[in-house]
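The values are calculated or read from the model by the stated rules, or taken from the named source; none is laboratory data. All of these numbers come straight from a predicted model, not from anything done at the bench. Here the Cβ is made from the backbone with ideal geometry for all residues, glycine too, and neighbour counts use every protein chain on show. To get the accessible areas, we keep the full protein, side chains included, count just its heavy atoms, and leave off ligands, DNA and RNA. Shrake-Rupley method; radii C 1.70, N 1.55, O 1.52, S 1.80 Å.
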Amino acid sequence: MEFMREFPDDATCLEWLWRERHSEDGTHADCPKCKRERVAFKRYATSQRRQSWTCTACGHHVHPTAGTIFHKSSTSLHLWFYAFYLMTSTRCGISAKHLERELGINYKTAWRMLNKIRNELMEHAEDAPLDGDVEVDETGIGGRPRAYITRQGRVAAQAHATRKPTVVGAAQRQGQVRVTVAPNRGTIALHGFVSEHVLPSSMIFTDEWQAYEGLSLRYRGHKRIRHKDRIYVSGDVHTQTIEGFFGLVKTGIRGTYHAVSSKWLQGYLNEYAWRYNHRSDERAQFEALLLRSARARPRDASALPKIA
């Protein structure tokens, strides 16, 4: 009811986008053709139902949806905004089938909306690197081996584990997380992730995995906990923060989506990382996602996975 009071229809959503992106008072805006601020911007009713405001001096059209994920979308802004609200109102995410039922759209449209939100609004590529005490760990996303695999012995179970996609993450204590799909658990992949997302002034905490060797040469310090000896906490040395985040991801995927292919896994990681990073914001997550959508620019289409 609160959402419907604030955004009752498509016109209200478009008016909010216009004021947020171009005109705080609804009339004054910069005209790119006149190259100056104009007072009289008006929206005229057209047979094409054009989502634009027109400069009365030169006739130039300004489209509030241009350069956002709403650009050239046949789905109404009201449904987009409601999808934002549904995604930010849950702790474990929302499936495309659920969104299909809530919005009254087909499954392909619901899946496409969620995919664009995860990959264009919730990615953390432009976020600041982590600093301070940072925990780094890696895990595999996927189900447990079936009984016929475990009966084949330890080697078969280990081979099954290596086929699962590898996810590496870093969590700043009392702060944010960064997570991505890695090609493997090797030294090059893990060190490259750490150097990209963690500042050299940080103290790194990891387990005893051999690929983390050498981090002490590039960072303020490197402390390790030996999980092999069933030691999980030793003073301030532990990786409980990042492992707790991995637990949230796995529980959410198992309960809401049941299974996720490696092709689209990064988008789901973006969603859970975004929700975790905004858990303590004074601004509501719905408002934060709306503001992100108003300032977002579409990425190069070649950078996104192709839809089969």
Exercise. Out of the residues in the stretch 175-193 that are in a loop (DSSP other than H, G, I, E, B) and touching a residue at least 24 places away in the same chain (Cβ under 8 Å), which is nearest to GLY267 (Cα to Cα)?
Worked result: GLN176
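Which residues, taken from the stretch 237-265, are out of contact with any strand residue (DSSP E or B) (no Cβ under 9 Å at 6 or more places or on another chain), assigned to a helix (DSSP H, G or I) and not small (Gly, Ala, Ser)?
Scanning the stretch 237-265 gives LEU248, THR251, ILE253, ARG254, THR256, TYR257.
Among the residues of the stretch 93-106, count how many are open to solvent by 40 Å² or more (accessible area, probe 1.4 Å) and either touching a Leu at 6+ places or on another chain (Cβ under 9 Å) or touching a residue at least 12 places away in the same chain (Cβ under 8 Å) (or both).
Keep residues of the stretch 93-106 that are open to solvent by 40 Å² or more (accessible area, probe 1.4 Å), which gives 97-98, 100-102, 104, 106.
Okay, now just the ones that are also either touching a Leu at 6+ places or on another chain (Cβ under 9 Å) or touching a residue at least 12 places away in the same chain (Cβ under 8 Å) (or both), so 97-98, 102, 104.
Total satisfying the criteria: 4.
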For this session: List every residue pair whose Cβ atoms lie under 6 Å apart, where the two residues are 6 or more positions apart in sequence or sit on different chains, the first residue falls within the stretch 68-89 and is on the phi > 0 side of the Ramachandran plot, and the second residue, located anywhere, is at pLDDT below 90 and not acidic (Asp, Glu).
Result: none
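Here is a list: LYS108, LYS42. Which entry is among the basic types (Lys, Arg) and modelled with pLDDT of 80 or more? First the steps, then the outcome.
Working: LYS42 fails: modelled with pLDDT of 80 or more.
LYS108 is the lone residue from the list that is among the basic types (Lys, Arg) and modelled with pLDDT of 80 or more.
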Exercise. If you scan the stretch 220-258, which residues turn out to be farther than 19 Å from ARG279 by Cα, open to solvent by less than 80 Å² (accessible area, probe 1.4 Å) and touching a residue at least 12 places away in the same chain (Cβ under 8 Å)?
Worked result: GLY221, HIS222, LYS223, ILE225, HIS227, ASP236, VAL237, HIS238, THR239, GLY255, THR256, TYR257
Exercise. How about the stretch 194-219: which of its residues are open to solvent by 10 Å² or more (accessible area, probe 1.4 Å), assigned to a helix (DSSP H, G or I) and of a type in the set (Ser, Thr, Tyr)?
Worked result: SER195, SER216
Exercise. Restricting attention to the stretch 269-285, and to residues there that are open to solvent by 30 Å² or more (accessible area, probe 1.4 Å) and either assigned to a helix (DSSP H, G or I) or touching a strand residue (DSSP E or B) at 6+ places or on another chain (Cβ under 7 Å) (or both), which single residue is nearest to CYS13 (Cα to Cα)?
Worked result: GLN285
